[in-house]
1. At a Cα cut-off below 16 Å, give the aspartates and glutamates reachable from Lys53, other chains included and same-chain residues fewer than 8 away excluded.
2. Run a plain Debye calculation on the range 9-106 (Cα atoms as equal point scatterers, no solvent) and give log10 I(q)/I(0) at q = 0.15, 0.16, 0.18 Å⁻¹, rounded to two decimals, same order as the q list.
3. In the range 246-283, which trypsin sites (Lys or Arg not before Pro) fall in coil by DSSP and have 11 or fewer other Cβ atoms within 10 Å?
4. Viscosity 1.002 mPa s, temperature 20 °C: what is the translational diffusion coefficient of the range 78-156 from Stokes-Einstein with a Kirkwood Rh over Cα pairs, rounded to a whole number of µm²/s?
5. Calculate for the chain the 222 nm mean residue ellipticity that helices alone would give, adding -39,500 (n - 2.57) per DSSP H run of length 4 or more and normalising by residue count, nearest 500 deg cm²/dmol.
6. For the chain, build the charge dipole from Cβ charges (+1 Lys, Arg; -1 Asp, Glu) around the Cα centre, then report which of Thr348, Ala224, Asn186 sits farthest towards its positive end.
7. So what are the three principal axis dimensions of the range 56-211 from its Cα atoms, in whole Å, longest to shortest?
8. Ignoring ligands and nucleic acids, what accessible area does Asp291 show with a 1.4 Å probe (Å², nearest 10)?
Amino acid sequence: MSLLDASTYRSSSTPLSTAKLPAEAYVLLIASLPSSYAAAASSPSNAIHFFDKERLRNVQTLQGHASSITTLRSVPNVANAVTHALVSSGKDGTVRVWDERAGSAALRLTASTAGGVHGLLSCDVSVDGLTIAAGTDLHGEDASILYWDPRSPAAPLRTHSSTHADDITAVHFYRPSAFSTSGNGNVLLSVSSDGLVCTSNAIESDEDEAGLHVGNWGCSIAQAGWLHDRAGRPGIWAASDMETFSVWTGELDRLQDVDIRQPSVHRQDLTWVTDYLIGCHATANPLGEADNDLCVFAGSNEGDVALITRPTFADPSAPWVLQRTWMTGHIGVVRAALWDERNNVLLTGGEDSKLHVWNAPAATPEIISLGKSKRVNDVDPMDVDEDGDSNRKKRRA
(Lines give C-alpha, C1' and ligand atoms only; values in the text may rest on other atoms or scores of the structure.)
Protein backbone atom coordinates (compact mmCIF):
# COMPACT_ATOMS: atom_id res chain seq x y z
CA MET A 1 0.00 0.00 0.00
CA SER A 2 1.54 3.27 -1.12
CA LEU A 3 2.65 6.00 1.26
CA LEU A 4 3.88 9.15 -0.47
CA ASP A 5 5.72 11.95 1.25
CA ALA A 6 4.18 15.39 0.91
CA SER A 7 6.24 17.98 -0.95
CA THR A 8 6.20 19.96 2.30
CA TYR A 9 7.34 16.95 4.35
CA ARG A 10 9.51 17.87 7.33
CA SER A 11 11.24 15.86 10.01
CA SER A 12 11.85 17.21 13.51
CA SER A 13 14.32 15.75 15.98
CA THR A 14 14.52 18.48 18.64
CA PRO A 15 11.52 19.17 20.90
CA LEU A 16 10.74 22.73 21.92
CA SER A 17 10.49 21.64 25.55
CA THR A 18 10.44 18.45 27.60
CA ALA A 19 9.14 17.29 30.96
CA LYS A 20 9.22 13.93 32.69
CA LEU A 21 6.73 12.25 35.00
CA PRO A 22 8.03 11.00 38.36
CA ALA A 23 8.59 7.36 39.29
CA GLU A 24 8.98 6.31 35.63
CA ALA A 25 5.22 6.46 35.12
CA TYR A 26 3.97 6.18 31.54
CA VAL A 27 2.29 9.21 29.97
CA LEU A 28 -1.06 7.68 29.04
CA LEU A 29 -3.22 10.63 28.01
CA ILE A 30 -2.84 14.37 27.33
CA ALA A 31 -5.40 17.20 27.38
CA SER A 32 -5.17 20.93 26.73
CA LEU A 33 -6.61 23.59 29.07
CA PRO A 34 -6.47 27.37 28.59
CA SER A 35 -3.26 27.87 30.61
CA SER A 36 -1.84 24.37 31.00
CA TYR A 37 -1.55 20.86 29.66
CA ALA A 38 -2.72 17.90 31.72
CA ALA A 39 -1.09 14.47 31.54
CA ALA A 40 -2.44 11.26 33.06
CA ALA A 41 0.11 8.93 34.63
CA SER A 42 -0.02 5.15 34.56
CA SER A 43 -0.56 2.88 37.57
CA PRO A 44 0.29 2.76 40.37
CA SER A 45 0.48 6.57 40.38
CA ASN A 46 -2.79 7.33 38.51
CA ALA A 47 -2.04 11.02 39.10
CA ILE A 48 -2.88 13.95 36.83
CA HIS A 49 0.00 16.35 36.29
CA PHE A 50 -0.44 19.93 35.06
CA PHE A 51 2.27 21.69 33.05
CA ASP A 52 2.31 25.37 32.13
CA LYS A 53 2.19 26.05 28.40
CA GLU A 54 5.05 28.52 28.33
CA ARG A 55 7.90 26.30 29.50
CA LEU A 56 6.25 22.97 30.36
CA ARG A 57 6.92 23.30 34.10
CA ASN A 58 4.98 21.00 36.41
CA VAL A 59 2.76 23.47 38.25
CA GLN A 60 0.37 21.09 39.99
CA THR A 61 -0.28 17.39 40.59
CA LEU A 62 -3.67 15.99 41.55
CA GLN A 63 -4.40 12.60 42.98
CA GLY A 64 -6.35 11.21 40.06
CA HIS A 65 -8.23 7.92 40.40
CA ALA A 66 -7.94 4.93 42.69
CA SER A 67 -7.06 2.78 39.65
CA SER A 68 -6.12 3.28 36.01
CA ILE A 69 -7.22 6.48 34.26
CA THR A 70 -8.96 5.61 31.00
CA THR A 71 -10.06 9.02 29.67
CA LEU A 72 -8.66 12.54 30.02
CA ARG A 73 -10.51 15.19 28.06
CA SER A 74 -10.93 18.95 27.99
CA VAL A 75 -14.50 20.10 27.31
CA PRO A 76 -15.93 23.63 26.88
CA ASN A 77 -18.38 23.39 29.77
CA VAL A 78 -20.16 21.08 32.17
CA ALA A 79 -23.72 21.96 33.23
CA ASN A 80 -23.02 25.56 32.22
CA ALA A 81 -21.26 25.89 35.57
CA VAL A 82 -17.69 24.72 34.94
CA THR A 83 -16.01 26.18 31.85
CA HIS A 84 -12.97 24.71 30.11
CA ALA A 85 -13.37 21.66 32.29
CA LEU A 86 -11.02 18.71 32.57
CA VAL A 87 -12.93 15.43 32.69
CA SER A 88 -11.52 11.99 33.44
CA SER A 89 -12.79 8.43 33.89
CA GLY A 90 -11.17 5.47 35.56
CA LYS A 91 -11.38 1.79 36.29
CA ASP A 92 -12.38 2.79 39.83
CA GLY A 93 -15.86 3.39 38.39
CA THR A 94 -15.88 7.18 38.57
CA VAL A 95 -16.09 10.15 36.22
CA ARG A 96 -14.49 13.26 37.68
CA VAL A 97 -14.76 16.89 36.64
CA TRP A 98 -11.70 18.67 37.97
CA ASP A 99 -11.37 22.13 39.46
CA GLU A 100 -7.78 22.98 38.65
CA ARG A 101 -7.73 26.03 40.92
CA ALA A 102 -9.11 24.18 43.94
CA GLY A 103 -6.92 21.15 43.31
CA SER A 104 -9.81 18.72 43.66
CA ALA A 105 -12.74 17.18 41.83
CA ALA A 106 -15.62 19.64 41.48
CA LEU A 107 -17.92 16.81 40.48
CA ARG A 108 -17.71 13.05 40.98
CA LEU A 109 -20.05 10.57 39.30
CA THR A 110 -20.07 6.91 40.29
CA ALA A 111 -20.96 4.13 37.86
CA SER A 112 -23.21 2.24 40.23
CA THR A 113 -25.99 -0.03 39.00
CA ALA A 114 -27.94 -2.87 40.56
CA GLY A 115 -24.92 -5.11 40.02
CA GLY A 116 -22.51 -2.84 41.88
CA VAL A 117 -19.81 -0.42 40.74
CA HIS A 118 -18.51 -0.90 37.18
CA GLY A 119 -15.07 0.08 35.94
CA LEU A 120 -15.24 2.83 33.31
CA LEU A 121 -13.24 2.65 30.08
CA SER A 122 -14.47 5.84 28.40
CA CYS A 123 -16.46 9.03 28.91
CA ASP A 124 -17.48 12.25 27.18
CA VAL A 125 -19.61 15.36 27.70
CA SER A 126 -22.24 16.59 25.25
CA VAL A 127 -21.73 19.87 23.40
CA ASP A 128 -24.27 21.68 25.59
CA GLY A 129 -22.63 20.31 28.74
CA LEU A 130 -25.86 18.83 30.05
CA THR A 131 -25.18 15.12 29.48
CA ILE A 132 -22.22 13.00 30.54
CA ALA A 133 -21.90 9.52 29.01
CA ALA A 134 -19.56 6.74 30.09
CA GLY A 135 -18.91 3.20 28.91
CA THR A 136 -18.27 0.38 31.35
CA ASP A 137 -16.23 -2.77 31.19
CA LEU A 138 -17.99 -6.12 31.01
CA HIS A 139 -19.44 -6.91 34.42
CA GLY A 140 -21.00 -10.36 34.49
CA GLU A 141 -23.05 -10.40 31.32
CA ASP A 142 -23.53 -6.63 31.03
CA ALA A 143 -21.59 -3.73 29.60
CA SER A 144 -23.48 -0.47 29.85
CA ILE A 145 -23.56 3.09 28.60
CA LEU A 146 -24.42 5.27 31.57
CA TYR A 147 -25.89 8.76 31.19
CA TRP A 148 -25.84 11.46 33.85
CA ASP A 149 -27.32 14.91 34.10
CA PRO A 150 -24.38 16.68 35.81
CA ARG A 151 -26.84 18.99 37.56
CA SER A 152 -28.16 15.89 39.42
CA PRO A 153 -25.04 13.74 39.76
CA ALA A 154 -26.11 11.38 42.56
CA ALA A 155 -27.05 8.55 40.19
CA PRO A 156 -27.12 7.85 36.44
CA LEU A 157 -30.13 9.29 34.68
CA ARG A 158 -30.44 6.16 32.52
CA THR A 159 -28.54 3.01 31.66
CA HIS A 160 -28.37 1.35 28.26
CA SER A 161 -27.18 -2.25 28.63
CA SER A 162 -28.08 -3.89 25.33
CA THR A 163 -26.20 -1.65 22.90
CA HIS A 164 -22.99 -3.63 23.42
CA ALA A 165 -22.12 -7.07 24.76
CA ASP A 166 -18.51 -6.44 25.83
CA ASP A 167 -16.18 -3.71 27.11
CA ILE A 168 -17.20 -0.28 25.79
CA THR A 169 -13.83 1.12 24.86
CA ALA A 170 -14.75 4.57 23.51
CA VAL A 171 -17.68 7.00 23.57
CA HIS A 172 -17.74 10.34 21.73
CA PHE A 173 -20.51 12.88 21.35
CA TYR A 174 -20.82 14.37 17.88
CA ARG A 175 -19.33 17.84 17.53
CA PRO A 176 -20.04 19.73 14.29
CA SER A 177 -17.08 20.94 12.27
CA ALA A 178 -16.52 24.54 11.24
CA PHE A 179 -18.11 23.67 7.89
CA SER A 180 -21.24 22.04 9.31
CA THR A 181 -24.51 23.88 8.83
CA SER A 182 -26.29 21.62 11.29
CA GLY A 183 -25.65 18.71 13.60
CA ASN A 184 -27.18 16.88 16.50
CA GLY A 185 -24.98 17.27 19.54
CA ASN A 186 -26.90 14.51 21.31
CA VAL A 187 -25.66 11.76 18.99
CA LEU A 188 -23.25 9.45 20.80
CA LEU A 189 -20.73 7.22 19.05
CA SER A 190 -19.79 4.07 20.97
CA VAL A 191 -17.49 1.15 20.14
CA SER A 192 -16.73 -2.07 21.93
CA SER A 193 -14.66 -5.21 22.11
CA ASP A 194 -17.75 -6.91 20.68
CA GLY A 195 -16.86 -5.45 17.26
CA LEU A 196 -19.84 -3.11 17.00
CA VAL A 197 -19.73 0.55 16.00
CA CYS A 198 -22.94 2.25 17.17
CA THR A 199 -24.56 5.66 17.17
CA SER A 200 -27.33 6.47 19.64
CA ASN A 201 -29.63 9.30 20.62
CA ALA A 202 -28.29 10.16 24.06
CA ILE A 203 -31.47 11.88 25.25
CA GLU A 204 -33.79 8.97 24.41
CA SER A 205 -34.59 6.99 27.56
CA ASP A 206 -35.97 3.94 25.69
CA GLU A 207 -32.88 2.03 24.57
CA ASP A 208 -34.75 0.31 21.74
CA GLU A 209 -35.64 3.73 20.33
CA ALA A 210 -32.25 5.29 21.07
CA GLY A 211 -30.25 3.24 18.56
CA LEU A 212 -29.62 5.10 15.29
CA HIS A 213 -27.09 3.05 13.30
CA VAL A 214 -25.00 -0.08 13.87
CA GLY A 215 -21.96 -1.38 12.01
CA ASN A 216 -20.35 -4.75 12.71
CA TRP A 217 -16.61 -4.72 12.10
CA GLY A 218 -16.13 -8.24 13.45
CA CYS A 219 -13.03 -7.47 15.53
CA SER A 220 -12.26 -6.02 18.95
CA ILE A 221 -12.31 -2.21 18.67
CA ALA A 222 -9.93 -0.16 20.81
CA GLN A 223 -10.37 3.42 19.55
CA ALA A 224 -12.81 5.47 17.50
CA GLY A 225 -13.85 9.02 16.74
CA TRP A 226 -15.63 11.40 14.40
CA LEU A 227 -14.36 12.96 11.18
CA HIS A 228 -15.93 15.34 8.62
CA ASP A 229 -15.78 16.02 4.93
CA ARG A 230 -15.45 19.54 3.49
CA ALA A 231 -19.22 19.95 3.51
CA GLY A 232 -19.30 19.18 7.24
CA ARG A 233 -20.93 15.77 6.80
CA PRO A 234 -19.88 13.37 9.58
CA GLY A 235 -17.95 10.15 9.23
CA ILE A 236 -16.38 7.78 11.72
CA TRP A 237 -12.99 6.15 12.11
CA ALA A 238 -12.24 3.09 14.22
CA ALA A 239 -9.12 1.14 15.13
CA SER A 240 -8.82 -2.43 16.38
CA ASP A 241 -6.54 -4.09 18.91
CA MET A 242 -4.70 -5.67 15.96
CA GLU A 243 -3.77 -2.31 14.33
CA THR A 244 -6.42 -2.55 11.63
CA PHE A 245 -8.11 0.72 10.75
CA SER A 246 -11.52 1.46 9.26
CA VAL A 247 -13.49 4.47 8.04
CA TRP A 248 -17.31 4.58 7.98
CA THR A 249 -20.01 6.92 6.75
CA GLY A 250 -22.26 8.63 9.28
CA GLU A 251 -24.81 5.88 8.56
CA LEU A 252 -22.10 3.29 9.37
CA ASP A 253 -21.48 1.93 5.91
CA ARG A 254 -17.85 0.85 5.88
CA LEU A 255 -15.67 2.68 3.34
CA GLN A 256 -12.18 1.46 4.21
CA ASP A 257 -10.63 -1.40 6.13
CA VAL A 258 -6.82 -1.54 6.16
CA ASP A 259 -3.87 -2.62 8.27
CA ILE A 260 -2.49 0.73 9.44
CA ARG A 261 1.00 -0.80 9.39
CA GLN A 262 0.94 -1.40 5.63
CA PRO A 263 1.45 2.15 4.25
CA SER A 264 5.23 2.60 4.34
CA VAL A 265 8.13 4.36 2.64
CA HIS A 266 11.39 2.58 1.82
CA ARG A 267 13.85 4.83 0.01
CA GLN A 268 17.49 5.67 0.41
CA ASP A 269 16.64 9.19 1.56
CA LEU A 270 13.53 8.39 3.59
CA THR A 271 12.16 5.42 5.53
CA TRP A 272 8.98 5.20 7.55
CA VAL A 273 7.33 2.02 8.86
CA THR A 274 4.31 2.20 11.19
CA ASP A 275 4.22 -0.24 14.09
CA TYR A 276 1.02 0.98 15.80
CA LEU A 277 -1.64 3.66 15.84
CA ILE A 278 -1.30 6.32 18.52
CA GLY A 279 -4.55 8.14 17.79
CA CYS A 280 -6.37 10.47 15.38
CA HIS A 281 -7.20 14.16 15.23
CA ALA A 282 -9.85 16.05 13.29
CA THR A 283 -8.32 19.33 12.14
CA ALA A 284 -10.15 22.64 12.07
CA ASN A 285 -9.52 22.67 8.30
CA PRO A 286 -8.71 19.74 6.00
CA LEU A 287 -5.03 19.64 5.08
CA GLY A 288 -4.20 20.75 1.56
CA GLU A 289 -6.64 19.37 -0.99
CA ALA A 290 -7.97 16.54 1.20
CA ASP A 291 -11.74 16.05 1.24
CA ASN A 292 -11.66 15.15 4.96
CA ASP A 293 -10.25 16.49 8.23
CA LEU A 294 -8.77 13.24 9.57
CA CYS A 295 -5.13 13.17 10.66
CA VAL A 296 -3.61 9.88 11.79
CA PHE A 297 -0.75 9.81 14.29
CA ALA A 298 1.28 6.62 13.97
CA GLY A 299 4.20 5.39 16.04
CA SER A 300 7.25 3.18 15.74
CA ASN A 301 8.67 0.83 18.34
CA GLU A 302 11.76 3.08 18.43
CA GLY A 303 9.67 6.00 19.70
CA ASP A 304 9.22 8.00 16.51
CA VAL A 305 5.92 9.64 15.51
CA ALA A 306 4.41 10.31 12.08
CA LEU A 307 1.45 12.33 10.83
CA ILE A 308 -0.31 10.49 7.99
CA THR A 309 -3.33 11.63 5.98
CA ARG A 310 -5.36 10.39 3.03
CA PRO A 311 -6.76 12.77 0.40
CA THR A 312 -9.98 10.77 0.16
CA PHE A 313 -11.51 7.63 1.60
CA ALA A 314 -13.98 7.31 -1.27
CA ASP A 315 -11.26 5.90 -3.57
CA PRO A 316 -9.64 2.68 -2.26
CA SER A 317 -6.62 3.29 -4.49
CA ALA A 318 -5.89 6.75 -3.10
CA PRO A 319 -2.41 6.90 -1.53
CA TRP A 320 -1.67 7.64 2.07
CA VAL A 321 0.47 10.73 2.59
CA LEU A 322 3.32 11.20 5.04
CA GLN A 323 3.03 14.82 6.18
CA ARG A 324 5.59 14.99 8.97
CA THR A 325 7.71 12.96 11.37
CA TRP A 326 9.06 13.65 14.85
CA MET A 327 12.13 11.50 15.45
CA THR A 328 14.36 10.39 18.35
CA GLY A 329 12.32 12.19 21.01
CA HIS A 330 11.12 9.06 22.78
CA ILE A 331 12.51 5.66 23.58
CA GLY A 332 9.93 2.90 23.21
CA VAL A 333 6.21 3.19 22.66
CA VAL A 334 4.49 6.58 22.37
CA ARG A 335 1.11 6.38 24.12
CA ALA A 336 -0.40 9.81 23.46
CA ALA A 337 -0.34 12.62 20.89
CA LEU A 338 -2.20 15.92 21.14
CA TRP A 339 -2.20 18.50 18.36
CA ASP A 340 -2.86 21.90 19.94
CA GLU A 341 -3.82 23.82 16.81
CA ARG A 342 -4.48 27.06 18.71
CA ASN A 343 -0.83 27.20 19.79
CA ASN A 344 0.55 25.37 16.76
CA VAL A 345 2.32 22.66 18.74
CA LEU A 346 2.20 18.89 19.04
CA LEU A 347 2.51 17.15 22.41
CA THR A 348 3.64 13.54 22.68
CA GLY A 349 3.91 11.29 25.71
CA GLY A 350 5.29 7.81 26.07
CA GLU A 351 6.35 4.82 28.10
CA ASP A 352 9.70 6.55 28.71
CA SER A 353 7.80 8.93 31.06
CA LYS A 354 8.58 11.90 28.80
CA LEU A 355 6.22 14.62 27.66
CA HIS A 356 7.50 16.56 24.63
CA VAL A 357 6.27 19.73 22.95
CA TRP A 358 7.15 19.99 19.24
CA ASN A 359 6.57 22.39 16.41
CA ALA A 360 3.26 21.44 14.79
CA PRO A 361 2.69 20.75 11.09
CA ALA A 362 2.15 23.62 8.70
CA ALA A 363 -1.46 24.80 8.60
CA THR A 364 -2.05 23.87 4.95
CA PRO A 365 0.59 21.39 3.76
CA GLU A 366 0.45 20.09 0.23
CA ILE A 367 -0.93 16.60 -0.17
CA ILE A 368 1.64 14.62 -2.16
CA SER A 369 5.05 14.86 -3.71
CA LEU A 370 5.29 13.85 -7.34
CA GLY A 371 9.04 13.62 -7.02
CA LYS A 372 11.68 13.77 -4.37
CA SER A 373 11.30 16.80 -2.16
CA LYS A 374 13.75 18.81 -0.16
CA ARG A 375 13.86 17.85 3.50
CA VAL A 376 13.88 20.44 6.25
CA ASN A 377 15.02 19.44 9.72
CA ASP A 378 13.86 21.49 12.69
CA VAL A 379 16.62 22.58 15.01
CA ASP A 380 15.08 24.75 17.68
CA PRO A 381 17.63 26.29 20.04
CA MET A 382 15.15 26.56 22.89
CA ASP A 383 15.57 25.34 26.43
CA VAL A 384 15.11 21.57 26.65
CA ASP A 385 14.96 19.83 30.02
CA GLU A 386 16.32 16.42 29.07
CA ASP A 387 16.22 13.71 31.72
CA GLY A 388 17.77 10.28 31.57
CA ASP A 389 16.00 7.64 29.56
CA SER A 390 14.22 4.81 31.32
CA ASN A 391 14.59 1.26 30.13
CA ARG A 392 12.83 0.62 26.85
CA LYS A 393 9.47 -1.04 27.37
CA LYS A 394 7.35 -3.11 25.02
CA ARG A 395 3.93 -1.99 23.86
CA ARG A 396 1.06 -3.39 25.90
CA ALA A 397 -0.83 -6.37 24.54
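The values are calculated or read from the model by the stated rules, or taken from the named source; none is laboratory data. The shown structure was predicted, so the numbers you read here are calculated from the model rather than taken from an experiment. Here Cβ is always computed from backbone atoms with ideal geometry, including for glycine, and neighbour counts include all displayed protein chains. Please note that ligands, DNA and RNA were not included when accessible areas were found on the heavy atoms of the full protein model with its side chains. Shrake-Rupley method; radii C 1.70, N 1.55, O 1.52, S 1.80 Å.
1. Leaving aside aspartates and glutamates fewer than 8 places away in the same chain, those within reach of Lys53 are Glu100, Asp340, Glu341, Asp383, Asp385.
2. -0.59, -0.66, -0.81
3. When the trypsin sites (Lys or Arg not before Pro) of the range 246-283 are filtered for loop state and at most 11 Cβ neighbours within 10 Å, Arg267 remain.
4. 170 µm²/s
5. Rounded to the nearest 500, it is 0 deg cm²/dmol.
6. Thr348
7. Cα extents, longest axis first: 46, 42, 29 Å.
8. Solvent-accessible area, nearest 10 Å²: 60 Å².
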